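Written below as structure tokens is the structure these notes are about.
Every number here is computed from the coordinates shown, using simple stated rules; none is lab data. Keep in mind it's a predicted model, so treat the numbers as computed, not measured. Cβ placement follows ideal geometry from the backbone for every residue including glycine, while neighbour counts extend to all protein chains displayed.
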Amino acid sequence: MRTAYVFPLKVQCLCELPVEREGASSRYCCVPFCKMSSRFNSVISFHSFPLNKETRKKWLHNIRREDYKVSPNTRVCSRHFKGDDFIEPWTPTARRLLKKGAVPTLFMWSDSTSPPKRTGLWKKRRLDHQAVHL
């Protein structure tokens, strides 16, 4: 008689796992709705969570993942930080580093990063027409 073994399945988020692709490691942003990957993008930088507990708590709150388990591979991409949050590198090949205490604040759900609303074609023509006749 054979014995069947059942192993519990452990599901992990893609952003926790570095994916091996042709000898290189790809990183993923753990922010909800962000699909940024380092696989095809060398301009975006990926940043580990801070070791400071208070700053880490702010990061988790801002990215809306308060009960999230952060691993050493968990990253947030540079698109979620303001330009002045970075220490610019001295050479073109150096890595971009975050300033101490920098917190991600730019997200799809925040007003600061949403694209400006487009005016409909007919409304735009009406506004242009009114401007010409003033």
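General remarks:
- Residues whose amide H lies under 5 Å from that of Phe86, counting only those 5 or more places away or on a different chain, are Lys99; hydrogens are built 1.01 Å from N in the peptide plane.
- Rounded to the nearest Hz, the phi-derived 3J(HN,Hα) couplings of the stretch 101-107 under the Karplus curve 6.51 cos²θ - 1.76 cosθ + 1.60 (θ = phi - 60°) are x, 5, 10, x, 9, 9, 9, where x marks glycine and proline.
- Between Asn41 and Lys69, the contour length at 0.36 nm per residue exceeds the Cα-Cα span by 7.5 nm.
- Inter-site label distance for Trp90 and Leu51 at 7 Å from Cα along Cβ, in nm: 2.3 nm
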